[in-house]
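Novice: Sharing a structure with you now.
The values are calculated or read from the model by the stated rules, or taken from the named source; none is laboratory data. Every value quoted in this text rests on a predicted model; they were computed, and no experiment measured them. Every residue, glycine as well, gets a Cβ built from its backbone with ideal geometry; the counts of neighbours run over all protein chains shown. Accessible surface areas use protein heavy atoms only, side chains included; no ligands, DNA or RNA. Shrake-Rupley method; radii C 1.70, N 1.55, O 1.52, S 1.80 Å.
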Amino acid sequence: MPALRGVSVSGGIAVGRAVVLRTRDGWVARLPISPERVEEECARLRGAAEAASRRLTGLAESGASAMGEELASILAAHALMAIDPAFIRPVEKRIRRERINAEWALRATAEELQERLSGAVDPVFSARGDDILQVARAIAMDLSASGEGFEKAAIEPGSILVADDLSPAQAARLDSSRFSGIALERGGVHSHTAIIARSFGLPAVVGVSGLLDSAMGSRPMVVDGDRGVVDPAPTKPQLRRALEGAARRREEEKARGNRAYRRHGATADGVPITLRANIELPGEARILARYGAEGIGLFRSEFLFLGATDGPPSVQAQEQVYAALAVECRPNALVVRTYDLGGEKGWGPRDHDTSAMGLRGVRHSLAHPDAFRDQLRALVRAGRSAGNVRILLPMVSSPEEVAAARAHLRAVAEEEEAPIPPLGAMIEVPSAAVLAAELARESDFFSIGTNDLAQYVLAAERSDPTVSAYYRPAAPAVLRVIKWIVDAARAAGRPLAVCGELAGDPLGACLLAGMGVRELSMSPVLIPKVDEMLARFSSEELAGLASDALSCETADEVHALGHGWAARTRR
Ligand code: PEP
Ligand code: MG
């Protein structure tokens, strides 16, 4: 089986057995079973199907009068579908053919049928696809208590996490210490999927199509995060080479020990550039010193909300997290972005919140003032004791939103009799960029989110692999918008940082520094490379690069310019 290509999001080589998860609509694991267990597994499936059918019939009969005839007849139809050989036989066939657990075979078959039916012109047929998924869910409940088909605690240490996709909520529920590498089917280089995969600090490759069909879990596979390649069935020599590579890396890390990276912290001619960390999970703050991060430039606080299983975290729970992070960062800043929920981060009613241009970020917060004020209260309290907390608003599209958020912040600070922490705006929506000068009057600081800014300027969704060729954060159009914002911030005397992925790309960081940006925030593991790159060049050389890039016409020209420049000027 050939190796599969994807996009590297975190370097290093990992070798291990795959834990294969299908994550759409809750997760389910793919577990290989021995040939002797195949018939037992088929019997387990039939037993669960019969139990589900009995349960659904009971529900239909007992509730017929209370729920109305129509609903009762749907349940009765589902009861029949659950034991319909036309549905159950293909699942059994899959268990025998692929020698896998019933939970996986059930989900995979149901999704396949649903996808086939969703294309039907006849609405009766396309609606039947959804019925099939619902029936599969009912059977899964009778197969295992969780319907997941595995016990998360039983994951063998050193496994490779293989999944179609991974939402922030699912990532927050996984114990990263059990895995040695990650491979995902979905995700482009700047998608949230990639950011999540990187936050695990493990070798990771995303956007690997055909991955789920190839990874078996019965023997070791290789994730090569340096080359962006996944080998689901390596030959013995390939496996040996990968194991040697992984061992070498471990040795290097051991040799480096817990020694902190010593930052240059400035360009070759001594212009200081502050490098802070982007973090998603509070536990990541432990590694700040190791990579030389000067505090946290972006704490994506929505992960606190997505990881919680019973409602939003309380004021006290949030305060504890923010206060601990603030102490970890002192004397440097802690920039907490208020929760950026909605969009592809998925929270709230699906039909309203899933669009990248929908009710997300500060829009979501202003529409849910109680949850927003709770978060502001926790931040104000943490800021009162630590003194280094700054608040950053995501998805700002006009000065009014910052003004409205500030009114909430002022009211909360008054109630708490505490100082008002600095309040900044993320610039990631084109309208905010255009109005940067006006926005500066309402904001204490700016942070440019190049991931979203690029998707909106270029009208190319960051998580959609079919438009990845259009999604180019270093495209001249995006660079010129960034320059516009940098100039507006300077004219207004407002501090400005960049916290999108462009800041963590060594050449991107050079372009940004050349445009006059003096603060960058990125995944902590990227800091040493960016720091070393910036230290090689003088501010004049960097300004020359930026000026040439700004006059390019295409993203390819910018990339060619950057690579040629780095090779020519390398010392
Ligand atoms: C961005 O959009 O650049 C950003 C930093 O925020 P996120 O990736 O969480 O949307
Ligand atoms: Mg963003």
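Novice: Two decimals is fine: what's Rg over Rh for the chain, C-alpha atoms, Kirkwood radius as Rh?
Specialist: My calculation puts Rg/Rh at 1.00.
Novice: Under 10 °C and 1.306 mPa s, how fast does segment 449-491 diffuse according to Stokes-Einstein, given a Kirkwood radius computed over C-alpha pairs? Answer in µm²/s, whole number.
Specialist: Answer from the Stokes-Einstein relation: 149 µm²/s.
Novice: Shifting gears a bit: Indicate, rounded to the nearest 5 percent, the antiparallel portion of the DSSP beta bridges found entirely in the chain.
Specialist: 35 percent
Novice: Let a ≥ b ≥ c be the square roots of the eigenvalues of the Cα gyration tensor of segment 386-468; is it rounded (a/c under 1.5), or, if not, prolate (a/b larger than b/c) or oblate?
Specialist: Here segment 386-468 falls in the prolate category.
Novice: Here is a further query. When each pair of different Cα atoms in segment 220-282 is counted once in the 1/r mean, what is the Kirkwood radius in angstroms, to one decimal?
Specialist: It is 15.4 Å.
Novice: Another one. Output the DSSP H helices from the chain with an along-axis C-alpha extent of no less than 15 Å and a mean Kyte-Doolittle hydropathy no less than 1.0.
Specialist: 69-82
Novice: Another question, then. Considering amide H positions built from the backbone, and no H for Pro or chain starts, which residues 5 or more places from residue 17, or on another chain, come under 5 Å of its amide H?
Specialist: Counting only residues 5 or more places away or on other chains, the set is 160, 221.
Novice: Per residue, how big is the convex hull of segment 162-319 when only Cα atoms are used? Give it in Å³.
Specialist: 154 Å³
Novice: Taking a probe of 1.4 angstrom, what is the accessible area of residue 534 in Å², to the nearest 10?
Specialist: Rounded to the nearest 10, the figure is 0 Å².
Novice: Separate question: At 7 Å along the Cα-to-beta-carbon direction for both residue 50 and residue 317, put a label point, then send me their distance in nm to one decimal.
Specialist: The two pseudo-label positions are separated by 4.3 nm.
Novice: Relative to the compact-globule scaling 2.2 N^0.38 Å, provide the ratio for the alpha-carbon radius of gyration of segment 272-337.
Specialist: 1.13
Novice: With a cap of 13 neighbouring Cβ atoms within 10 Å, and only residues DSSP puts in a loop, list the GluC sites (Glu not before Pro) found in segment 475-554.
Specialist: When the GluC sites (Glu not before Pro) of segment 475-554 are filtered for loop state and at most 13 Cβ neighbours within 10 Å, 553 remain.
Novice: Please report the carbon-and-sulfur percent of the accessible area for the chain; probe 1.4 Å, protein heavy atoms only, DNA, RNA and ligands left out.
Specialist: Within the chain, the accessible surface is 53 percent carbon and sulfur.
Novice: Compute the projected area of the convex hull of the Cα atoms of segment 468-571, averaged over all viewing directions, and report it in nm² to one decimal place.
Specialist: 6.6 nm²
Novice: For the chain, what is the accessible area per residue in Å², given a 1.4 Å probe and the full set of protein chains?
Specialist: Solvent-accessible surface per residue comes out at 44 Å².
Novice: Amide H neighbours of residue 273 under 5 Å, at least 5 residues apart or on other chains, H built in the peptide plane: list them.
Specialist: When sequence neighbours closer than 5 places are left aside, the close amide H contacts are 266, 267.
Novice: To the nearest 10 square angstrom, what accessible area does residue 480 show with a 1.4 Å probe?
Specialist: 120 Å²
Novice: A follow-up question, please. Quick one: which residues, 5 or more positions from residue 424 or on another chain, have an amide H under 5 Å from its amide H? H modelled 1.01 Å from N in the peptide plane, none for Pro or chain starts.
Specialist: 391, 392, 393, 444, 445
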